[in-house]
Amino acid sequence: MEALAAVHPAQLQLGPDIPVALRRWTVADRRFLLVVPDIDAVMEMYLAAGHWDRDPYWCEPWPSALAMAEELLQRPDLVAGKRVCELGCGLGLAGLAAAVAGAAEVVLLDREPLALQCALLNAALNGLPTTTASPPAAAAGSAAAAPGATAGSMGSGASSGVQALSLQQLLPHLQAADAEQVVEQQRLLEEQRQAQAEAASASGGRNGGSAGGSSRGVVRAEVFDWSQPVAISPHHVMLVCDCLYEAFSVQPVAAVAPKLLTRDGSRLLLADPPDRARHNRECFLDLLCEEGGEFMVEESGEKGVQVYEASKGESRRVPVAMMHLRRAAGGDTVGPKLGRSGRQAAAGGG
């Protein structure tokens, strides 16, 4: 790994430089096949390049992302027809679920180019169209996006300087069994697309638009550091999964949320471990709901997701705090404004 010391992570590619494997997750009866990088290789790459402030934990889909994906697939109305962004997306599972649930466009945001390479490959691998086009800021309220390569063509998912391999280019770098899974997955997706096209033709184009239909949101990616100025268009829905685990992240995430969301009753959907960083979540709610005053808590609860622990060879139920925050449109009253005790209760997922 010493040879990578002089190479910036943005110049590296999954497969040729960082070993990857395929793993399968089932969320709300929907199967996702994901490209997962070798976490040790990523850590060694960071150390060799002197990036001491980076961590490789985006290499796993954490329970919060699984819970968010389940929430969106079970309640597609939260994102259907809307422009959605996922902050600190990692492998992109929550954002991909939003696309499957019918979002018009999904923008995956992460400061790590390798994470975005993974996320774009995962979009293609799961039959979602990707694009390299960014809509102009003037069209912030529009869901339009020019679709580029799709999974059917195994096209490239490069976007915003992220040079991702296509699925076809990745195949030689996978284990034989994983490569066979990719080819089989593409064959099944092509059969599914043909069946959906025939069904749409037979019904006069009236099918689609749901999590199980043929309407799938276009996915793109942006290299994004939440501590830097925001230069992308606002969205209708923002997904935040396990981004508050460090106290120093709370203020920047709270500050960037209003800039990433439109002012027309947009929503921030938050999934977070209920106990690990409860105080950080309370501070986050204080900043958005009290000091900023633009957001109110619509829903607060807890979901349980099954997580497989390979070391133990068994699954266990992991609780995740889920919150829906709505941005008031003008003087709109969205719900009861929480006092500090109410925010503490909401932050606890209860």
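Key figures for this structure:
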{"item": "Residue-span extension gain [GLN175 to ALA328] - 0.36 nm each, minus C-alpha spacing", "result": "50.1 nm"}
{"item": "Highest average packing first - 233-244, 288-299, 34-45, 188-199, Cβ atoms within 10 Å", "result": "233-244, 34-45, 288-299, 188-199"}
{"item": "Environment charge at ALA221 (Cβ cut-off 13 Å; Lys +1, Arg +1, Asp -1, Glu -1)", "result": "-3"}
{"item": "Accessible surface, 1.4 Å probe, highest first, among residues SER249, SER315", "result": "SER315, SER249"}
{"item": "Burial ranking of peptide ranges 95-106, 78-89 (average Cβ count within 10 Å, highest at the top)", "result": "95-106, 78-89"}
{"item": "Solvent-accessible surface (1.4 angstrom probe) belonging to TYR308, in square angstrom, nearest 10", "result": "130"}
{"item": "Alpha carbon centroid spacing (whole Å) that separates segment 260-328 from segment 55-119", "result": "14"}
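The values are calculated or read from the model by the stated rules, or taken from the named source; none is laboratory data. Model, not experiment: these values are computed from the prediction. Methodologically, a virtual Cβ is constructed for each residue, glycine included, from the backbone with ideal geometry; neighbour enumeration extends over all protein chains shown. Please note that ligands, DNA and RNA were not included when accessible areas were found on the heavy atoms of the full protein model with its side chains. Shrake-Rupley method; radii C 1.70, N 1.55, O 1.52, S 1.80 Å.
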